[in-house]
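Every number here is computed from the coordinates shown, using simple stated rules; none is lab data. Note that the structure is a prediction, hence the values are computed from the model and not measured. Don't worry about glycine lacking a Cβ; one is built from the backbone with ideal geometry, like all the others, and counts go over all protein chains shown.
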């Protein structure tokens, strides 16, 4: 155990604050006292969602087909599924 372990336990706190660099005697707000983070405008939230979806679609449409074939992958999955269902069927 490190030097801060005893100080954190004595203060009734977990190790997270100490590991993040907080002083052992630094006050910790209760759950009800914590400052609410400022909300971002809906434009930023919607923009983030649109950007995320565009990134995923771009990867699946533009990047993966350059080195893999969806048709070959689907055929392989179908074969494996067929083999698995044959093995699971009782004689």
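The stretch between residue 68 and residue 50 holds 3.9 nm of extra length on full extension. This uses 0.36 nm per residue minus the Cα-Cα distance.
The residue 43 and residue 83 beta-carbon pair, evaluated with R₀ = 35 Å, returns a calculated FRET efficiency of approximately 0.10. Within the stretch 42-88, the percentage of alpha carbon pairs spaced more than 16 angstrom apart rounds to 61%.
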